[in-house]
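The values are calculated or read from the model by the stated rules, or taken from the named source; none is laboratory data. Treat the numbers as computed from the prediction; the structure is a model and nothing was measured. All Cβ positions, even for glycine, are placed from backbone atoms using ideal geometry, and neighbour counts span all protein chains on display. The accessibility values were calculated without ligands, DNA or RNA, using every heavy atom of the protein model including side chains. Shrake-Rupley method; radii C 1.70, N 1.55, O 1.52, S 1.80 Å.
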Amino acid sequence: MRVRPHHRAGLLVGDDTSCSIQIEEEGPGGLISFNTLGGYSIPSKRGPVEDAGMRIYTHNLFARREGWEQRRALLRAGIAEMRPDVVLFQEEVRRDGYDQTADLVGDGFHIAHSSARSAREGSGISIASRWPIVAVRELDLTAGGRPVDEYEWATLIATIQAPEPLGRIVVANHFPDAAVDGEAERERQAVLAAEALRADATRHPVIIAGDFDAEPDAGSLRFLTGRQSLAGQSVAAVRAWDAVHPGRPCVTLDPDNPLVAAHLPGWPFREIDHILVWCGPGGLPSLQVDACERVVLHDGDTWASDHHGLRADLSMPGR
């Protein structure tokens, strides 16, 4: 396992942006639509978890490609309404003085960036937190693997000092090989991430989330969720979506999304973005999953990304 140096920024401040958007969320009763048109705001639906827990949000941003300025407005407004505590981005750009993560999350976030960046776009992965980030590690998932065309596969791990009762938590942004025929690589990379997080899971709640480029029945996901071993090792985490919506699909690479239709027609994998809560020493999830929703942001023909986002509300068990 190779650990890269990382980039970490302090508290960042952004300007305010508003726009009219429609947000669709996959809730317990089906697809829920909220509309800001005409000045109505989108309910945040945070509830009691806001004081006792956390909201985590992950999204592959599609960098600054097609229709970026329109997509930027959708993402900024959606994030402002969701009010996440921890944000994980994949394919986020940091180049030539521009920080896409800081641009989108706005005021009051501490941000850690991967040093691994694509050569063409300067895109990588990031973790933004409303609470202090006290330590950062970055795993080089390309080491020992097959040649990389563009993306530098990595796992970014941040130790975050959250308020009590959460306390110190460990959050990993996992961005493995994306190739359709890359599951062997994703399995190897899942083992690397698990090895890096194993000790943390004995002391703190651990969350691993991001664009896994694999569906729930793939070997890499089966390994991380305790359904099979790999390389003589086994771990266990709970998929947040399954805890709230057992048996229901969570499509995040949606063929109805025009960006997917234009750039990835016929791509065989649909449920590829995940939030996993590590099981602690006693075998139970280290955090309780109170809610998990697929987040779809679009305004007419403009969609925020080729991926849909995913968010979860988490709290200490038994609260």
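Is there a residue being open to solvent by 40 Å² or more (accessible area, probe 1.4 Å) and within 21 Å of Leu314 (Cα to Cα) anywhere in the stretch 139-158? The answer is no; no qualifying residue exists.
For the stretch 250-263: of the residues being of a type in the set (A, V, I, L, M) and open to solvent by 50 Å² or more (accessible area, probe 1.4 Å), which is nearest to Leu310 (Cα to Cα)? Give the steps one after another, and end with the answer.
Going through the stretch 250-263, the residues of a type in the set (A, V, I, L, M) turn out to be 251, 253, 259-262.
From what is left, the residues that are open to solvent by 50 Å² or more (accessible area, probe 1.4 Å) are 261-262.
On the way: Ala261: 20, Ala262: 22 Å.
Only one residue fits best here, namely Ala261.
In this structure, is Arg188 touching a strand residue (DSSP E or B) at 6+ places or on another chain (Cβ under 9 Å) and free of Cβ contacts under 8 Å to residues at least 40 places away in the same chain? Judged against the criteria, Arg188 is not a match. Taken together, Ser41, Ser33 contain a single residue that is assigned to a loop (DSSP other than H, G, I, E, B), open to solvent by 30 Å² or more (accessible area, probe 1.4 Å) and either of a type in the set (Asp, Glu) or at pLDDT below 95 (or both), which is Ser41.
For the stretch 196-203, state whether one or more residues are under 25 Å from Gly247 (Cβ atoms) and more than 17 Å from the chain's Cα centre (by Cα). Looking through the stretch 196-203, none of the residues is under 25 Å from Gly247 (Cβ atoms) and more than 17 Å from the chain's Cα centre (by Cα).
Can you name the residue in the stretch 192-205 that is within 22 Å of Ala143 (Cβ to Cβ) and of a type outside the set (D, E, K, R) and is also most open to solvent (accessible area, probe 1.4 Å) among such residues? Filtering the stretch 192-205 for residues that are within 22 Å of Ala143 (Cβ to Cβ) and of a type outside the set (D, E, K, R), the one most open to solvent (accessible area, probe 1.4 Å) comes out as Ala199. List the number of the failed condition for His308; all other conditions in (1) under 19 Å from Gly53 (Cβ atoms); (2) of a type outside the set (D, E, K, R); (3) buried (at least 22 other Cβ atoms within 10 Å of the Cβ) hold. Failing condition for His308: (1).
Evaluating Pro163 against the criteria (1) open to solvent by 30 Å² or more (accessible area, probe 1.4 Å); (2) in contact (Cβ under 8 Å) with a residue 40 or more places away in the chain; (3) touching a Phe, Trp or Tyr at 6+ places or on another chain (Cβ under 8 Å) leaves one unmet condition, (2). Checked against the criterion of being among the small types (Gly, Ala, Ser), surrounded by fewer than 17 Cβ atoms within 10 Å (Cβ to Cβ) and modelled with pLDDT under 95, the candidates Gly247, Gly232, Gly266 yield just one match: Gly266.
Applying the criterion of being within 18 Å of the chain's Cα centre (by Cα) and among the β-branched types (Val, Ile, Thr) to the residues of the stretch 115-134, the residue that is farthest from Trp153 (Cα to Cα) is Ile133. Across the stretch 60-114, which residue is most open to solvent (accessible area, probe 1.4 Å) among those that are touching a residue at least 40 places away in the same chain (Cβ under 8 Å) and of a type in the set (S, T, N, Q)? Across the stretch 60-114, the extreme among qualifying residues is Gln70.
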